[in-house]
Amino acid sequence: MMHSRSNYKVGMMLHGAHFPYLQSEPHTDVAWLEGTTEDYLSPQSYSLEVLKKLRHDYPVALHGSHLNIGSPQGPDLNYLKALRTLNENIEPFLISDHLSWNGSSDLNMHNLLPLPWNEETLQVVCNNIDAAQSHLKTPIALENIATYVNYADSNQTEIEFISELARRTGCGLVLDLTALFVNSLNHGFCPGRFLQKVPMNQVKLVHLSGPTETESHWIDKKATAISTPVWELFKQMAPLIRHLPIGIERIKNIPDFNELEMEVIKASFILESSNDNQRSPAFV
């Protein structure tokens with residue numbers, strides 16, 4: 001029996017390295033699983049067969065990186081067709097991608113590239129969201145990304161852009177607290193003030209991962225355990241997001257399932273321990 005949409009609490013990213021363990025049907029404290037969309041688009045793949053089986057025991061979300069929502073050329077039609085088929089087969093409770101662009105049809109940079117925050121870009125992204133949601137026949141959600149440069153022709157802030165995008169299109173938002181933490185350090189702004197302006201009624205999912213510090217700046221490689229500053233930001237936000245699905249992300253340096261599960265348990269404990277009286281003044 002497949003799961004219907006509800007309050008899924010804390011889940012984590014699904015990795016091929018964990019397939020054998022999960023197929024043994026262990027009892028876990030993981031409430032749901034998040035599949036990387038591109039790993040499951042092939043209709044004959046082993047990964048898809050495993051996901052179908054796991055889908056009967058866990059609610060599933062799909063989180064991609066190739067939608068290319070910020071491209072002036074728009075999302076690739078073949079990609080949308082494959083994603084629509086996957087959506088129909090898996091029935092995820094959420095389809096999401098990143099508020100970024102990947103290049104053009106002639107040159108895919110295979111990376112999440114930042115967008116300039118201005119009206120021209122906003123209109124491009126709005127048009128692409130409308131096209132994607134129309135083709136997929138389901139709403140999508142977009143995630144804020146870590147950025148390391150600013151554009152000279154940006155005349156809006158990131159949160160102004162995101163808020164207006166959500167208002168115009170009705171799309172959902174994925175709030176990546178680690179990307180927010182990284183950006184606040186790299187670009188010198190207060191994460192609390194950013195969060196005050198987030199249209200929380202359109203946030204569908206919250207992500208947590210470990211940032212990496214370099215000699216010159218912070219990066220969001222999702223390659224380490226969640227750090228103390230990110231946990232502290234999550235604690236401050238917990239009263240506002242405890243009704244939302246929370247996802248633990250790890251893309252590189254994948255540990256054993258049980259090690260990631262411990263982060264799931266910690267996040268669950270923080271959510272359950274939170275109450276409105278604990279809310280930080282930064283978010284009042």
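The values are calculated or read from the model by the stated rules, or taken from the named source; none is laboratory data. Being a predicted model, the structure only gives us computed values, none of them experimental. Backbone-built Cβ (ideal geometry, glycine too); neighbour counts: all protein chains shown. We work out accessible area using only protein heavy atoms, side chains counted, and drop any ligands, DNA or RNA first. Shrake-Rupley method; radii C 1.70, N 1.55, O 1.52, S 1.80 Å.
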Looking at Asn186, Asn102, Asn108, which one is open to solvent by less than 10 Å² (accessible area, probe 1.4 Å) and at pLDDT below 95? Asn102
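Determine whether the stretch 35-50 contains at least one residue that is over 18 Å from Phe257 (Cβ atoms) and of a type in the set (A, V, I, L, M). Full working, then the answer.
So in the stretch 35-50, the residues over 18 Å from Phe257 (Cβ atoms) come out as 37-38, 40-46, 48-49.
When the remaining residues are screened for being of a type in the set (A, V, I, L, M), the result is 41, 48.
Looking for residues that are over 18 Å from Phe257 (Cβ atoms) and of a type in the set (A, V, I, L, M), one finds at least one in the stretch 35-50, hence yes.
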Can you list residue pairs whose Cβ atoms sit under 7 Å apart, with the first residue in the stretch 60-77 being within 15 Å of Ala141 (Cα to Cα) and the second being outside any loop (DSSP other than H, G, I, E, B) and at pLDDT below 95? Count only pairs 6 or more apart in sequence or on different chains. Ser65/Leu112; His66/Asn102; Asn68/Trp101; Asn68/Asn102; Gly70/Trp101
So for the stretch 172-183 (the condition being modelled with pLDDT of 95 or more, out of contact with any Pro (no Cβ under 9 Å at 6 or more places or on another chain) and open to solvent by 60 Å² or more (accessible area, probe 1.4 Å)), does at least one residue qualify? no
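When you scan the stretch 255-264, how many residues do you find that are open to solvent by less than 60 Å² (accessible area, probe 1.4 Å) and either in contact with a strand residue (DSSP E or B) (Cβ under 9 Å, 6 or more places away or on another chain) or assigned to a helix (DSSP H, G or I) (or both)? It would help to see each step written out before you state the result.
Of all residues in the stretch 255-264, those open to solvent by less than 60 Å² (accessible area, probe 1.4 Å) come to 255, 257, 260-261, 263-264.
With the extra rule that they be either in contact with a strand residue (DSSP E or B) (Cβ under 9 Å, 6 or more places away or on another chain) or assigned to a helix (DSSP H, G or I) (or both), the set shrinks to 257, 260-261, 263-264.
Qualifying residue count, the stretch 255-264: 5.
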Is there any pair with a first residue in the stretch 226-252 that is within 17 Å of Glu143 (Cα to Cα) and a second that is in a loop (DSSP other than H, G, I, E, B) and open to solvent by 30 Å² or more (accessible area, probe 1.4 Å) whose Cβ atoms are under 7 Å apart and which are 6 or more apart or on different chains, and what are they? Pro245/Lys9; Ile246/Lys9
Out of all the residues in the stretch 203-219, is one or more aliphatic (A, V, I, L, M), open to solvent by 10 Å² or more (accessible area, probe 1.4 Å) and free of Cβ contacts under 8 Å to residues at least 40 places away in the same chain? no
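Could you identify the single residue in Lys252, Lys222 that is surrounded by fewer than 17 Cβ atoms within 10 Å (Cβ to Cβ) and within 30 Å of Pro20 (Cβ to Cβ)? Working first, answer last.
Details: Lys222 fails: surrounded by fewer than 17 Cβ atoms within 10 Å (Cβ to Cβ).
Result of the check over Lys252, Lys222: Lys252.
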Is at least one residue of the stretch 99-121 within 18 Å of Gly172 (Cα to Cα), part of a loop (DSSP other than H, G, I, E, B), out of contact with any Ser or Thr (no Cβ under 6 Å at 6 or more places or on another chain) and in contact (Cβ under 8 Å) with a residue 60 or more places away in the chain? yes
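Just checking: which of the strands (runs of 3 or more DSSP E) contained wholly in the stretch 144-243 hold 3 or more residues that are within 16 Å of the chain's Cα centre (by Cα) and closer than 25 Å to Asn128 by Cβ?
Numbers: elements: 172-176, 203-208, 210-213, 218-224.
In the stretch 144-243, the matching strands (runs of 3 or more DSSP E) lie at 172-176, 203-208.
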